[in-house]
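The values are calculated or read from the model by the stated rules, or taken from the named source; none is laboratory data. Quick caveat: nothing in here was measured; it's all calculated off a predicted structure. Cβ coordinates were reconstructed from backbone atoms using ideal geometry, including for glycine residues, and neighbour counts include every protein chain displayed. For the accessible areas, the whole protein counts, side chains as well, though only heavy atoms, and no ligand, DNA or RNA atoms are used. Shrake-Rupley method; radii C 1.70, N 1.55, O 1.52, S 1.80 Å.
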Amino acid sequence: MTLKELLARTSLKSLGREIGLDVQMVEGQLVCTPLDPNDPRYSMDFVMPSMKMISACRADDFNFFQPFIAAGKLTVEQMHHAAQRYHLGKTKSGQPMYWMIDDMFQPLDAHIGQDTWISQLLKKREPLLQYWQVNHCLFGLHLLGLEDCADIADKPIAIVECESSAVVLSELFPDSIWMAYCTVSHLDIDLFAPLEGRTVTIYPYTDPCMSNILFFEELCDSVRKHYDITLSVDRTLEDHASDAQKSRNIDLLDFLLESLTHTETTEIIL
């Protein structure tokens, strides 16, 4: 029995229609084509990171903003503004999604919460993606192409570890472009290549033995040898955080959050 005869005797065509596919025999080959070209089940836009995938999970309300809204330091409108600029999303379970979009506006990956990457989930779902070489960039890098301010060339860049910190800080201190490196394991000298010619300050989290700030000072020395970047490491937390705060490895946003009642705190940050 030929494949064409098998197709005629079975309900493959009707089965295909039930799942949104048009099943045809073309030159002896079984060809399945989506009945609806926009069907997300058969679109590459929902197989690999894409702007359509980002739009499908967009969200505007996030818990990490709430302490600053409750304290009157930020507004709901500012939260929505930041969520839109950073293209923040949520999973069905409510986990925040932080998209890594490069300076060419190409989505590369997304950090889900602080433990999972969407590339890991997509590879589990699609066996062929096991060969996908995932690249990362600084979270917030796409902002370099979005800024419409006349002083964009002179606007300094500030880098923290946590994406949520970068998002909130972008509204507290809008005179800087806030980015995040997400995790130390992703740090690479070439990650700084798109920042050529810029003024960049890294705000590391603090620790009792200063190992983190020393790591970044060494990293900055290496980056400067490869790229023309005015690069420095901020020592605000080393100079102003308490020993108890250092033992908890707080970052800049943690420091601000714990100091909301002290009006002088923001004056020592930038």
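Here Y98 passes the criteria (1) over 23 Å from V168 (Cβ atoms); (2) surrounded by 13 or more Cβ atoms within 10 Å (Cβ to Cβ); (3) of a type in the set (F, W, Y) except the one numbered (1).
Pairs linking a residue in the range 115-131 that is open to solvent by less than 80 Å² (accessible area, probe 1.4 Å) to a residue that is among the basic types (K, R), with Cβ atoms under 8 Å and 6 or more positions apart or on different chains, are L129/K123. For the range 203-219, a residue qualifies if it is open to solvent by less than 40 Å² (accessible area, probe 1.4 Å) and over 26 Å from S259 (Cα atoms), and exactly one does: L219. Note on the range 220-238: among residues that are in contact (Cβ under 8 Å) with a residue 12 or more places away in the chain and farther than 16 Å from A158 by Cβ, the one that is surrounded by the most Cβ atoms within 10 Å (Cβ to Cβ) is Y227.
Determine whether D45 is of a type outside the set (K, R) and modelled with pLDDT of 70 or more. The answer is no for D45. Applying a threshold of 8 Å to beta carbon distances and a minimum spacing of six or more residues, or different chains, the list of pairs starting in the range 190-219 at a residue that is under 20 Å from L237 (Cα atoms) and in contact (Cβ under 8 Å) with a residue 12 or more places away in the chain and ending at one that is among the basic types (K, R) and loosely packed, with under 15 Cβ neighbours inside 10 Å reads I213/R235. Being of a type in the set (S, T, Y) and more than 26 Å from H80 (Cα to Cα) is a condition met by at least one residue of the range 183-193. Within the option set H80, H87, being at pLDDT 95 or above and assigned to a loop (DSSP other than H, G, I, E, B) holds for one residue only, H87.
Filtered by the rule that a residue be touching a residue at least 40 places away in the same chain (Cβ under 8 Å) and assigned to a loop (DSSP other than H, G, I, E, B), the range 53-73 gives C57, F62, A71, K73. Is there a residue in the range 156-170 that is open to solvent by less than 50 Å² (accessible area, probe 1.4 Å), at pLDDT below 90 and in contact with a strand residue (DSSP E or B) (Cβ under 6 Å, 6 or more places away or on another chain)? Looking through the range 156-170, none of the residues is open to solvent by less than 50 Å² (accessible area, probe 1.4 Å), at pLDDT below 90 and in contact with a strand residue (DSSP E or B) (Cβ under 6 Å, 6 or more places away or on another chain). Among the residues examined, Q106 does not qualify as modelled with pLDDT of 85 or more, among the polar types (S, T, N, Q) and exposed (fewer than 12 other Cβ atoms within 10 Å of the Cβ).
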